[in-house]
Amino acid sequence: MPEQNVEWTPDAVSIRHCLKELVDLLNDGLKVDQNAVSGMMNHRSYCTDALIAHPTIMCVTENCQDGLRKTVGILGILNGWARPLGWRIEAIMAGPEALVGLGDIIGFRLMPAEA
(Lines give C-alpha, C1' and ligand atoms only; values in the text may rest on other atoms or scores of the structure.)
Protein backbone atom coordinates (compact mmCIF):
# COMPACT_ATOMS: atom_id res chain seq x y z
CA MET A 1 0.00 0.00 0.00
CA PRO A 2 1.42 3.44 -0.89
CA GLU A 3 2.59 5.66 1.89
CA GLN A 4 0.33 8.49 3.00
CA ASN A 5 1.43 12.04 2.10
CA VAL A 6 3.71 10.91 -0.72
CA GLU A 7 3.04 12.68 -4.00
CA TRP A 8 3.00 10.30 -6.94
CA THR A 9 3.72 11.87 -10.31
CA PRO A 10 3.25 9.54 -13.26
CA ASP A 11 5.86 9.72 -15.98
CA ALA A 12 5.16 9.47 -19.70
CA VAL A 13 6.22 5.82 -19.86
CA SER A 14 3.88 4.68 -17.09
CA ILE A 15 0.96 6.69 -18.55
CA ARG A 16 1.44 5.11 -21.96
CA HIS A 17 1.85 1.66 -20.41
CA CYS A 18 -1.39 2.01 -18.43
CA LEU A 19 -3.33 3.18 -21.49
CA LYS A 20 -1.80 0.42 -23.63
CA GLU A 21 -2.93 -2.15 -21.05
CA LEU A 22 -6.47 -0.76 -21.31
CA VAL A 23 -6.40 -0.97 -25.13
CA ASP A 24 -5.05 -4.53 -24.92
CA LEU A 25 -7.90 -5.45 -22.56
CA LEU A 26 -10.48 -3.98 -24.97
CA ASN A 27 -8.93 -5.93 -27.86
CA ASP A 28 -8.90 -9.13 -25.78
CA GLY A 29 -12.59 -8.60 -25.08
CA LEU A 30 -13.26 -8.26 -28.81
CA LYS A 31 -11.52 -11.59 -29.43
CA VAL A 32 -13.69 -13.30 -26.83
CA ASP A 33 -17.05 -11.71 -27.76
CA GLN A 34 -16.94 -9.11 -30.53
CA ASN A 35 -20.71 -8.56 -30.55
CA ALA A 36 -20.88 -7.79 -26.83
CA VAL A 37 -17.87 -5.47 -26.71
CA SER A 38 -18.72 -3.72 -29.98
CA GLY A 39 -22.34 -3.28 -28.90
CA MET A 40 -21.36 -1.90 -25.51
CA MET A 41 -18.83 0.52 -26.98
CA ASN A 42 -21.32 1.70 -29.63
CA HIS A 43 -24.05 2.28 -27.03
CA ARG A 44 -24.69 5.94 -26.33
CA SER A 45 -26.71 7.44 -23.47
CA TYR A 46 -28.50 10.75 -23.47
CA CYS A 47 -26.67 13.37 -21.44
CA THR A 48 -27.18 16.84 -20.04
CA ASP A 49 -25.74 20.17 -21.08
CA ALA A 50 -23.56 19.96 -17.97
CA LEU A 51 -21.84 16.83 -19.28
CA ILE A 52 -21.58 18.36 -22.76
CA ALA A 53 -19.71 21.26 -21.13
CA HIS A 54 -17.29 18.96 -19.27
CA PRO A 55 -13.72 20.01 -20.10
CA THR A 56 -12.45 16.56 -21.07
CA ILE A 57 -15.31 14.06 -21.53
CA MET A 58 -16.17 13.79 -25.21
CA CYS A 59 -19.90 14.00 -25.97
CA VAL A 60 -21.81 14.31 -29.25
CA THR A 61 -24.53 16.78 -30.15
CA GLU A 62 -26.39 16.00 -33.36
CA ASN A 63 -29.51 17.21 -35.12
CA CYS A 64 -32.44 14.86 -35.34
CA GLN A 65 -36.14 15.19 -36.19
CA ASP A 66 -37.15 16.14 -32.66
CA GLY A 67 -34.32 18.62 -32.04
CA LEU A 68 -30.80 18.23 -30.72
CA ARG A 69 -29.71 14.87 -29.39
CA LYS A 70 -26.90 14.98 -26.82
CA THR A 71 -25.18 11.69 -26.08
CA VAL A 72 -22.10 10.18 -24.50
CA GLY A 73 -20.51 6.76 -24.85
CA ILE A 74 -17.94 4.85 -22.86
CA LEU A 75 -15.20 5.74 -25.36
CA GLY A 76 -15.92 9.44 -24.83
CA ILE A 77 -15.49 8.95 -21.10
CA LEU A 78 -12.27 6.94 -21.50
CA ASN A 79 -10.89 9.57 -23.86
CA GLY A 80 -11.84 12.21 -21.32
CA TRP A 81 -9.16 10.60 -19.18
CA ALA A 82 -6.64 9.82 -21.95
CA ARG A 83 -6.64 13.09 -23.96
CA PRO A 84 -5.37 15.36 -21.16
CA LEU A 85 -2.48 12.90 -20.82
CA GLY A 86 -1.62 13.32 -24.52
CA TRP A 87 -3.29 10.17 -25.86
CA ARG A 88 -6.58 8.98 -27.32
CA ILE A 89 -8.17 5.57 -27.70
CA GLU A 90 -9.48 4.98 -31.18
CA ALA A 91 -12.06 2.41 -32.21
CA ILE A 92 -11.39 0.75 -35.57
CA MET A 93 -14.70 0.11 -37.31
CA ALA A 94 -15.90 -1.90 -40.28
CA GLY A 95 -19.20 -2.32 -42.05
CA PRO A 96 -21.57 -0.02 -43.89
CA GLU A 97 -22.11 2.35 -40.96
CA ALA A 98 -18.42 2.78 -40.08
CA LEU A 99 -18.27 6.20 -41.74
CA VAL A 100 -20.78 7.57 -39.25
CA GLY A 101 -19.12 5.91 -36.25
CA LEU A 102 -21.68 3.15 -35.80
CA GLY A 103 -19.97 0.20 -37.48
CA ASP A 104 -18.84 -3.04 -35.97
CA ILE A 105 -15.74 -2.44 -33.86
CA ILE A 106 -12.94 -4.72 -35.01
CA GLY A 107 -10.14 -3.29 -32.88
CA PHE A 108 -8.86 -0.51 -30.67
CA ARG A 109 -5.58 1.39 -30.84
CA LEU A 110 -3.75 3.97 -28.80
CA MET A 111 -2.86 7.14 -30.69
CA PRO A 112 -1.24 10.45 -29.77
CA ALA A 113 -4.01 12.96 -28.96
CA GLU A 114 -3.01 15.32 -31.73
CA ALA A 115 -3.06 12.67 -34.48
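The values are calculated or read from the model by the stated rules, or taken from the named source; none is laboratory data. Just so you know, these numbers come straight off a predicted model, no measurement behind them. Counting neighbours? That spans all protein chains shown, and the Cβs are built from the backbone with ideal geometry, glycine included.
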Requested in this report: Hey, can you tell me all the residues within segment 62-78 that are assigned to a strand (DSSP E or B) and free of Cβ contacts under 8 Å to residues at least 12 places away in the same chain?
Outcome: E62, N63, C64, G67, L68
Report summary line: For segment 33-46, the count of residues that are buried (at least 16 other Cβ atoms within 10 Å of the Cβ) and part of a loop (DSSP other than H, G, I, E, B) equals 0
Query raised in the report: Any chance segment 7-22 includes a residue that's modelled with pLDDT under 90, in contact with a helix residue (DSSP H, G or I) (Cβ under 8 Å, 6 or more places away or on another chain), assigned to a helix (DSSP H, G or I) and not acidic (D, E)?
Result: yes
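Take the conditions within 12 Å of the chain's Cα centre (by Cα), of a type outside the set (K, R), assigned to a helix (DSSP H, G or I) and crowded, with 16+ Cβ neighbours inside 10 Å and apply them to L30. Does it pass? I'd like the intermediate steps shown before the answer.
Details: within 12 Å of the chain's Cα centre (by Cα): no; of a type outside the set (K, R): yes; assigned to a helix (DSSP H, G or I): yes; crowded, with 16+ Cβ neighbours inside 10 Å: yes.
It is false that L30 is within 12 Å of the chain's Cα centre (by Cα), of a type outside the set (K, R), assigned to a helix (DSSP H, G or I) and crowded, with 16+ Cβ neighbours inside 10 Å.
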Query raised in the report: Which one is farthest from A113 (Cα to Cα), of the residues in segment 47-61 that are hydrophobic (A, V, I, L, M, F, W, C) and part of a loop (DSSP other than H, G, I, E, B)?
Result: C47
